[in-house]
Amino acid sequence: GAETDALAALSPDATIDNYCISCHDFKGPSTATLDHVREWLATNVGEPTRHPSTPEAPWVGFYLYATNRSVAGDSTHGTA
C-alpha cells in the first residue's frame with residue numbers, strides 16, 4: 001500500500017476535483033491503508049464514499065471516492 005506515501009507527498013491544495021483511490025487492504029495487513037486514506041480524504045478533500053464490495057470482485061470494496069469540497073457544487077469549475 002503506497003497510498004499513504006503518495007498522499008503524504010500530495011499538497012492538500014492540489015487542484016484535483018475528484019479522487020478515486022484504490023487501497024490494497026484485501027491483500028493483507030501489511031498493505032492496509034483504507035483507514036488512513038479515508039481520514040486523509042475527510043480532512044483534506046471531502047467526505048469519502050466507499051465502493052460496495054461484491055463476492056466476484058472483493059477488491060472493489062477498497063476503492064474510496066471523494067469530491068474536493070472547494071469545487072463541489074461549482075458548475076463553472078473546470079470549464080473553458
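The values are calculated or read from the model by the stated rules, or taken from the named source; none is laboratory data. All values derive from a computational prediction rather than experimental measurement. Note: accessible area is taken over every heavy atom of the protein model, side chains too, but ligands, DNA and RNA are not part of it. Shrake-Rupley method; radii C 1.70, N 1.55, O 1.52, S 1.80 Å.
Summary of values
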item: Residues of region 1-38 that turn out to be charged (D, E, K, R) and closer than 18 Å to Trp59 by Cα, as a count; result: 5
item: Counted residues, region 1-49 - those being assigned to a helix (DSSP H, G or I) and of a type outside the set (Asp, Glu); result: 19
item: Selection count, region 15-36, where residues are open to solvent by less than 60 Å² (accessible area, probe 1.4 Å) and farther than 14 Å from Thr67 by Cα; result: 9
